[in-house]
Amino acid sequence: MPECASTNAEAQALIVKNSATDGCTIITDKQTAGRGQRGNRWEAVPGENLTLSVIWRPTFLAAADQFQLSQAVALGVLDWATGLLGPDAALRVKWPNDIFYGSQKLGGILIENTLSGPKIQYSVVGIGLNVNQREFGMPTATSLAWLTGRPYALPTQAVRLLECLERRYLQLRSGRVSQLRYDYLQALYRYQQRHYYEIEGVRTAGQIVGVDETGRLAVEIEGQLRTFGLQEIRYIH
């Protein structure tokens, strides 16, 4: 569609109307109210980037294991970006599932799950990727075109992205969870490196050592292992 408030909202509307098929994708040139993690808005110049939502029905996945889906999606997007920038590119997944090149954000992911008892009934996978945009309101953002100096055909890249996502989703569905977890940790931004973070308003040194089963970030601080949710730790650059 040429324009919508949010592709995730459009996907949720299809689910409510019982019109959502597994793998159905909503893609738009312009989002007027795109959403990101922590309630942030996702800003993108119309017609220059990929903004889409995929509807899946991962009924095989327990609600307690929903971070496994987050890992699969992040890795699918990372596979797509690696295919364009090369295997030696400084591409990483910043916990929980932002896509970074070096210390700059290339894309964001917002997954909204609908639960039915102990299982996931529907997942709406919202993805925003900076492709052809060259100017940003913040210095921490980048794009494919900025990194390579060339434009990309968005329809072609959308197809390639969906193929990469499907491969990782099938990997999850086939139960290859250990491989997904390993790949995710190897791609994790600042993994096993010592950096500074803000925790409860205090600047604290720590080392990311992993992610627990529920998706909480595990950080070693002064010899003690602590875990954090999304709102409980902030990266300091």
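Figures for the structure shown
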item: Boolean, SER103 is surrounded by 15 or more Cβ atoms within 10 Å (Cβ to Cβ), hydroxyl-bearing (Ser, Thr, Tyr) and in contact with a helix residue (DSSP H, G or I) (Cβ under 8 Å, 6 or more places away or on another chain); result: no
item: So SER123, is it in contact with a Pro (Cβ under 9 Å, 6 or more places away or on another chain) and either of a type outside the set (D, E, K, R) or at pLDDT below 95 (or both); result: yes
item: Filter result (open to solvent by less than 10 Å² (accessible area, probe 1.4 Å) and modelled with pLDDT under 90) within the range 12-60; result: THR28, GLY34
item: Every residue from the range 51-75 that is over 13 Å from the mean Cα position of the chain (by Cα) and under 18 Å from ASP98 (Cβ atoms); result: GLN66
item: Residues being open to solvent by 20 Å² or more (accessible area, probe 1.4 Å), more than 19 Å from LEU52 (Cβ to Cβ) and in a loop (DSSP other than H, G, I, E, B) - total across the range 134-155; result: 9
item: Any pair with Cβ under 8 angstrom, 6 or more apart, that starts in the range 143-168 at a residue that is within 22 Å of LEU180 (Cα to Cα) and ends at one that is open to solvent by 30 Å² or more (accessible area, probe 1.4 Å) and charged (D, E, K, R); result: CYS164/ASP79; ARG167/ASP79; ARG168/ASP79
item: Failed item in (1) in contact with a Phe, Trp or Tyr (Cβ under 9 Å, 6 or more places away or on another chain); (2) buried (at least 16 other Cβ atoms within 10 Å of the Cβ); (3) under 16 Å from ARG92 (Cβ atoms); (4) not hydroxyl-bearing (Ser, Thr, Tyr), with ALA187 passing the rest; result: (1)
item: Boolean, ALA64 is assigned to a helix (DSSP H, G or I), open to solvent by 20 Å² or more (accessible area, probe 1.4 Å) and of a type outside the set (S, T, N, Q); result: yes
item: Some residue of the range 76-85 being assigned to a strand (DSSP E or B), modelled with pLDDT of 95 or more and more than 14 Å from SER143 (Cβ to Cβ); result: no
item: Qualifying positions in the range 5-33 - in a loop (DSSP other than H, G, I, E, B) and of a type in the set (Gly, Ala, Ser); result: ALA5, SER6, SER19, ALA20, GLY23, ALA33
item: Where a residue in the range 65-87 is over 15 Å from GLY128 (Cβ atoms) and its partner, wherever it lies, is of a type in the set (Val, Ile, Thr) and assigned to a loop (DSSP other than H, G, I, E, B), with Cβ under 9 Å and at least six apart; result: ASP65/THR214; GLN66/THR214; PHE67/THR214
item: Boolean, LEU172 is at pLDDT 95 or above and touching a helix residue (DSSP H, G or I) at 6+ places or on another chain (Cβ under 7 Å); result: yes
item: Whichever residue in the range 160-178 is part of a helix (DSSP H, G or I) and open to solvent by 80 Å² or more (accessible area, probe 1.4 Å) and, among such residues, is nearest to ALA90 (Cα to Cα); result: ARG160
item: Selection from the range 190-237 of residues that are part of a loop (DSSP other than H, G, I, E, B), of a type in the set (S, T, N, Q) and closer than 23 Å to LEU91 by Cα; result: GLN192, GLN193
item: Extreme residue, nearest to SER19 (Cα to Cα), among residues of the range 112-133 that are buried (at least 16 other Cβ atoms within 10 Å of the Cβ) and among the aliphatic types (A, V, I, L, M); result: VAL124
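The values are calculated or read from the model by the stated rules, or taken from the named source; none is laboratory data. Computed from a prediction, not measured in an experiment: that's the story for all the values here. Counting neighbours? That spans all protein chains shown, and the Cβs are built from the backbone with ideal geometry, glycine included. Protein only, heavy atoms only, side chains kept; ligands, DNA and RNA dropped before computing areas. Shrake-Rupley method; radii C 1.70, N 1.55, O 1.52, S 1.80 Å.
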